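The values are calculated or read from the model by the stated rules, or taken from the named source; none is laboratory data. As the structure is a computational prediction, the values presented were derived from the model and not from experiment. Virtual Cβ from ideal backbone geometry, glycine too; neighbours counted across all protein chains shown.
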Amino acid sequence: MAYETLIVEIEDEVALIRLNRPEALNALNSKLLGELAEALTAADANDAVRCIVLTGSEKAFAAGADIKEMSEKGFVDMFGEDFFTPETEAMLRVRKPIIAAVAGYALGGGCELAMICDFIICADNAKFGQPEINLGVVAGIGGTQRLTRFVGKSKSMDMHLTGRFMDAAEAERSGLVSRVVPVAKLVPEALSAARKIAEKSALTVKVVKECVNRSYETTLREGLLFERRVFHALFATEDQKEGMTAFLEKRQPQFRDR
Ligand code: CAA
């Protein structure tokens, strides 16, 4: 499937989706987000894909929602189209892991898009920010909620109120990203993490994603109960038997995703 604003490659069971609007630093317009929701949904449904990597260019992961496209809209337009909600909801329905590989700017909607992914690996030139305040608005696709959960209230308030950018070292220190690598190694590092995930049982991978995401949606008591029940449930799978038998027989497991 050919896209106007994305480049999609599938190799070794990993889909690499590259945002491709270089003239606008990958600003998220409705075309791009619509195509991205479509590409992610297709990768999720494709048996040849076990993990997804989402990246941009070396200069920008994405410099935010497209300001040109938004600037003339009124409340009725934004409310009527429920601005970017259908697209982000579609991304959140993806059950396979999505790794964000971020180089350069991840601002506004770009930072929010990275945070919708399951984890973020960034390049040493990455800059994260929620500068919507400079445009007279607030983050609109989850920034005030997700950034606060990921880096805490003080840093989140600082970022949203001053509009300042966070560099890669601060992002790692704050827990926003899982790894920082030199820019030239970003995509190889993300692909290697994705391939490592692709070796696991796809069934267990989906369960892990559900469990960790649950911790952002519910109380600790309910989250612990959810985890315990799915842990028990996994003992009904062939992959649990295979994983534990392989360990005892000192060999690599051959998972069958069942
Ligand atoms: N929307 C539309 N176009 C954008 C854009 C955006 N968010 N960000 C950059 N561009 C365009 C610029 O207009 C410019 O296009 P032209 O050459 O046609 O003028 C091109 O990309 C290159 O950008 P710059 O010349 O500005 O590049 P720079 O290196 O000097 O600066 C930057 C880079 C600091 C990222 C700067 O472009 C910038 O501040 N961008 C806007 C960042 C921003 O405010 N993002 C939040 C958007 S609102 C949002 O995202 C709401 C939400 O939560 C949903």
Scan of segment 19-47 for residues that are over 18 Å from the mean Cα position of the chain (by Cα), in contact (Cβ under 8 Å) with a residue 12 or more places away in the chain and part of a helix (DSSP H, G or I), ordered by number: P22, A24, S30, K31
Test for F75: is it at pLDDT below 95 and either over 16 Å from the mean Cα position of the chain (by Cα) or within 29 Å of E199 (Cα to Cα) (or both): no
Test: residue in segment 49-68 that is near the ligand (Cβ under 9 Å from one of its atoms), over 20 Å from A190 (Cα atoms) and surrounded by fewer than 17 Cβ atoms within 10 Å (Cβ to Cβ): yes
Pair list, Cβ < 8 Å and 6+ apart or interchain, from segment 133-149 residues that are more than 15 Å from G110 (Cβ to Cβ) to residues that are near the ligand (Cβ under 6 Å from one of its atoms): V138/E132
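Output the residues belonging to segment 5-18 that are away from the ligand (no atom under 16 Å from the Cβ) and either without any contact (Cβ under 8 Å) to a residue 60 or more places away in the chain or out of contact with any Lys or Arg (no Cβ under 8 Å at 6 or more places or on another chain) (or both).
Scanning segment 5-18 gives L6, I7, V8, E9, I10, E11, A15, L16, I17, R18.
Do we find that A90 is over 22 Å from E217 (Cα atoms) and either touching a Phe, Trp or Tyr at 6+ places or on another chain (Cβ under 6 Å) or away from the ligand (no atom under 11 Å from the Cβ) (or both) in this structure?
On the way: over 22 Å from E217 (Cα atoms): no; either touching a Phe, Trp or Tyr at 6+ places or on another chain (Cβ under 6 Å) or away from the ligand (no atom under 11 Å from the Cβ) (or both): yes.
Against the criterion (over 22 Å from E217 (Cα atoms) and either touching a Phe, Trp or Tyr at 6+ places or on another chain (Cβ under 6 Å) or away from the ligand (no atom under 11 Å from the Cβ) (or both)), A90 does not qualify.
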Count of residues meeting criterion [among the charged types (D, E, K, R) and either buried (at least 24 other Cβ atoms within 10 Å of the Cβ) or within 27 Å of K59 (Cβ to Cβ) (or both)] in segment 74-122: 3
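In the list G143, G163, G152, G175, which residue meets the criterion of being more than 14 Å from the ligand (Cβ to nearest atom) and in contact with a helix residue (DSSP H, G or I) (Cβ under 7 Å, 6 or more places away or on another chain)?
Details: G143 fails: more than 14 Å from the ligand (Cβ to nearest atom); G163 fails: more than 14 Å from the ligand (Cβ to nearest atom); G152 fails: in contact with a helix residue (DSSP H, G or I) (Cβ under 7 Å, 6 or more places away or on another chain).
Just one listed residue meets the conditions, G175.
Is there a residue in segment 88-102 that is over 13 Å from the mean Cα position of the chain (by Cα) and of a type in the set (D, E)? Spell out the reasoning first.
Going through segment 88-102, the residues over 13 Å from the mean Cα position of the chain (by Cα) turn out to be none.
No, because not a single residue in segment 88-102 is over 13 Å from the mean Cα position of the chain (by Cα) and of a type in the set (D, E).
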Every residue from segment 128-140 that is touching a helix residue (DSSP H, G or I) at 6+ places or on another chain (Cβ under 8 Å) and more than 8 Å from the ligand (Cβ to nearest atom): F128, I133
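Can you tell me which residue in segment 4-17 is nearest to A194 (Cα to Cα), limited to those that are buried (at least 18 other Cβ atoms within 10 Å of the Cβ) and not small (G, A, S)? Show your work before the answer.
Taking segment 4-17 as the starting set, the residues that turn out to be buried (at least 18 other Cβ atoms within 10 Å of the Cβ) are 5-6, 8, 14-17.
Now narrow it down to the ones that are not small (G, A, S): 5-6, 8, 14, 16-17.
Numbers: T5: 23, L6: 19, V8: 15, V14: 7, L16: 10, I17: 13 Å.
Going through the qualifying residues, I end up with V14.
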